[in-house]
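Asker: Below is one structure. I have some questions about it.
The values are calculated or read from the model by the stated rules, or taken from the named source; none is laboratory data. Computed from a predicted structure; not experimentally measured. Here the Cβ positions follow ideal geometry from the backbone for every residue, glycine too, while neighbour counts run over all protein chains shown.
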Amino acid sequence: MTDGQMPVHELAGELNAVLEGTVPGALLSPLGRRLYFPRGIIAQGAEAKQYAPDANGTLGIAVKNKTPLILSALKDQIPGLGAPDIVSYAPTAGIPALREFWAAEIRRKNPSLAGASLSLPVVTAGLTAGISAVCDLFLGQGDVLLAADPSWDNYALIAEARRCARLGPVDLFGEGGINLAALRAALEGEAQRTGLVRIILNFPNNPAGYSPTKTEAAEICAMIHRIAQGGAKVLVICDDAYFGLRFEDDIEAQSLFAYLADIHENVFAAKIDGATKEDFAWGLRCAFVTFGGRGLTEAHYGALVKKAMGVIRSTVSCSSTVSQSLLHRMYTTGGAAMEAEREEFRALIGGRYRRVRAIVDGRKNHPVLRPMPFNSGYFMSFRCRGVGAEALRQRLLHTYRVGAVAIDGRTLRVAFSGMDDGAIDGAYAAIYRAAEELAAQGTG
C-alpha cells in the first residue's frame, strides 16, 4: 500500500470535506489529507476544564488545591509566573491569549493585511517545527518545493529526507539583487508542468542576508499573481524568521505574506514567524504558523488549524508552556522600555552590517571571493571562485580561529551578527587572506 492509499480517518475525512474545492484542499499531501485532531484526551480534557473544574480526571497532571504541583527548586527560578504558567500543558495550538496577541501584531506590522481574512496563528516549537508542519500538510512524495539556491540546509532535510519531495533550486540572487528572470522561469515552468506550484520564500534570506527592495517585492508578487491568474494553484510559504532586521531604506518593510494572503483566489499563503530571531529569544523555541487565502472562510481556517494541530499532537504534543507564558508576559508588560531595547539590539546588528558592507565594498573585484547581495538579517555569504568553500572553512577554523559555514561547495556564510564589533575587521581580513592563500597554492 502506497502513501496515497493509506486509509483516512473519519475525522480527517470531515476536515477534507470542509476544504473540498479550495486551493489548500487541492494542495494537501497524502499525509495532509490523513491528518486530523482527535476527539481524545486533549479535546475531552478541554471540555472537562470548562464543565468539571472541581473533579477533572482527564489530564495526566497532579494537583493540590486545583493547582499543578511544582517543585520549589523550579518555581524559585521563575518567580514572576505561577505554577499553571510554568508546568501545565499548553493547549495544542498554543495559549489563546498569545495567539490573539500575535495575530494583532502581524496585522500591525503588515498594514496591507487590513482587509484580508487570516487564520488564528498556531504556536509551534520554533520556526523549524512550523516549516515542517506546513510541509507535512502540503508536500508529498515526488512534489517539488521551489527554493533559493543556496538555501538553509534544513529545507532539504525537511522536504527531501522527511517528505520524500524534491527541492527545486532557483538561482534567486544575481549580482545586484533578486534574479527576477530565474524566479519567473521557475514559477512558470512548475505551473506548466503540474499546475500546482509550491515555493518557499525566506526574507531576510539565510544564507544570503538579502531582502527584496520595494520594486523587487512588487514584481515577485506580480509574477505569482500572473501564474495564479493563468490557472495554477500556488502555495507560498513565507519563512519570516528574520523579519524586521533590514538595514537599507529601499527594502520592502512588510512581509510578502501581506500582499500574497489576499492576492488571488488561486494563491494560498502560510506565514511562519516568531520570537526566535525577531525578538532575540532563540532558545525559547516559540513560533507561529498563520494561513491566508482569498475566499477562505472561518470554517476553512478551522479545518486547516485542526490539521496543523494534528501535526503538533502527533509529534511534540504541544509547545512549551513556560516559553509561551514568558513571551506573553514580556509582550504585554514590556512597554516602551522593551521596544527601545529591541531597537537598540537591531541597531547593534545594523552597525555590524555597515562595517561588513564597507569591507566587502572595498574589495569588490577580489579574484576569489564575491559577496552575494546582502542588505538585512544576520548573515552575508561569499561565492568562492577557484577554491572550495569547505577547504576555506577548514583553513579559517584551524589556521585563523575564525568560524564560518560552508553552505555548499562554493558558498561560505558568515554570521556577522554573532561577532562582537571588535572581531569583525580581523575576521574578514582572515577570510580574504585564507582565500588568497588557498588560490595561490592551488589546493582549494
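Asker: Give the range 316-352 a look and list any residue that's more than 22 Å from the chain's Cα centre (by Cα) and hydroxyl-bearing (Ser, Thr, Tyr), or say none. Lay out the reasoning, then the answer.
Answerer: Filtering the range 316-352 for residues more than 22 Å from the chain's Cα centre (by Cα) gives 329, 332-341, 344, 347-348, 351-352.
Hits for the range 316-352 are 332, 333.
Asker: Name the residue that is nearest to the chain's Cα centre (by Cα), counting only residues in the range 263-282 that are surrounded by 22 or more Cβ atoms within 10 Å (Cβ to Cβ) and among the charged types (D, E, K, R).
Answerer: Our first condition is that a residue be surrounded by 22 or more Cβ atoms within 10 Å (Cβ to Cβ); within the range 263-282, this holds for 263, 266-275, 277.
Now narrow it down to the ones that are among the charged types (D, E, K, R): 271, 273, 277.
Working: 271: 7, 273: 5, 277: 10 Å.
It comes out as 273.
Asker: Output yes when any residue across the range 103-112 is among the polar types (S, T, N, Q), part of a loop (DSSP other than H, G, I, E, B) and more than 19 Å from residue 292 (Cα to Cα), and no when none is. Even if it seems obvious, please write down each step before you answer.
Answerer: The initial filter retains those residues of the range 103-112 that are among the polar types (S, T, N, Q), namely 110, 112.
Then keep just the ones that are part of a loop (DSSP other than H, G, I, E, B); that gives 110.
Filter again for more than 19 Å from residue 292 (Cα to Cα), leaving none.
No, because not a single residue in the range 103-112 is among the polar types (S, T, N, Q), part of a loop (DSSP other than H, G, I, E, B) and more than 19 Å from residue 292 (Cα to Cα).
Asker: Considering only residues that are surrounded by 13 or more Cβ atoms within 10 Å (Cβ to Cβ) and either among the acidic types (Asp, Glu) or part of a strand (DSSP E or B) (or both), which ones fall in the range 347-370?
Answerer: 369, 370
Asker: Right, something else. Suppose we keep only residues that are of a type in the set (Val, Ile, Thr), in contact (Cβ under 8 Å) with a residue 60 or more places away in the chain and crowded, with 20+ Cβ neighbours inside 10 Å within the range 226-262. Which one would you say is farthest from residue 351 (Cα to Cα)?
Answerer: So, considering only residues that are of a type in the set (Val, Ile, Thr), in contact (Cβ under 8 Å) with a residue 60 or more places away in the chain and crowded, with 20+ Cβ neighbours inside 10 Å, the one farthest from residue 351 (Cα to Cα) is 234.
Asker: Related question: Across the range 137-163, what is the number of residues that are part of a loop (DSSP other than H, G, I, E, B) and exposed (fewer than 14 other Cβ atoms within 10 Å of the Cβ)? Outline the logic, then answer.
Answerer: Taking the range 137-163 as the starting set, the residues that turn out to be part of a loop (DSSP other than H, G, I, E, B) are 139-143, 149-152, 163.
Next, only the ones that are exposed (fewer than 14 other Cβ atoms within 10 Å of the Cβ) stay: 142.
Matching residues across the range 137-163 total 1.
Asker: For the structure I just gave you, tell me whether residue 39 is at pLDDT 95 or above and among the basic types (Lys, Arg).
Answerer: Values: at pLDDT 95 or above: no; among the basic types (Lys, Arg): yes.
Criteria not met by residue 39.
Asker: Also, I was wondering about something else. Whether any residue in the range 57-64 is modelled with pLDDT under 95, closer than 14 Å to residue 309 by Cβ, surrounded by fewer than 16 Cβ atoms within 10 Å (Cβ to Cβ) and not assigned by TED's automatic domain parsing to the domain that holds residue 123 is what I want to check.
Answerer: Within the range 57-64, the first condition is being modelled with pLDDT under 95, and the residues that meet it are 57-64.
Keeping just the survivors that are closer than 14 Å to residue 309 by Cβ gives none.
There is no residue in the range 57-64 that is modelled with pLDDT under 95, closer than 14 Å to residue 309 by Cβ, surrounded by fewer than 16 Cβ atoms within 10 Å (Cβ to Cβ) and not assigned by TED's automatic domain parsing to the domain that holds residue 123.
Asker: Right, here's the next one. Which of (1) touching a Phe, Trp or Tyr at 6+ places or on another chain (Cβ under 7 Å); (2) modelled with pLDDT of 95 or more; (3) buried (at least 22 other Cβ atoms within 10 Å of the Cβ) does residue 290 not meet, given it meets every other one?
Answerer: (1)
Asker: Take the residues of the range 171-190 that are among the hydrophobic types (A, V, I, L, M, F, W, C) and surrounded by 20 or more Cβ atoms within 10 Å (Cβ to Cβ): which is farthest from residue 234 (Cα to Cα)?
Answerer: Residue satisfying both the conditions and the ranking: 173.
Asker: Any idea which residue in the range 294-309 is surrounded by the fewest Cβ atoms within 10 Å (Cβ to Cβ), counting only those that are among the small types (Gly, Ala, Ser) and touching a helix residue (DSSP H, G or I) at 6+ places or on another chain (Cβ under 8 Å)? Can you show your working first?
Answerer: Step one: filter the range 294-309 for residues among the small types (Gly, Ala, Ser), giving 295, 299, 302-303, 308.
Those left that are additionally touching a helix residue (DSSP H, G or I) at 6+ places or on another chain (Cβ under 8 Å): 299, 302-303, 308.
Details: 299: 10, 302: 14, 303: 26, 308: 27.
Selected residue: 299.
Asker: Which one of 409, 422, 388 is crowded, with 16+ Cβ neighbours inside 10 Å and either in the same structural domain as residue 350 (by TED's automatic domain parsing) or out of contact with any Cys (no Cβ under 8 Å at 6 or more places or on another chain) (or both)?
Answerer: Working: 409 fails: crowded, with 16+ Cβ neighbours inside 10 Å; 422 fails: crowded, with 16+ Cβ neighbours inside 10 Å.
On inspection, the qualifying residue turns out to be 388.
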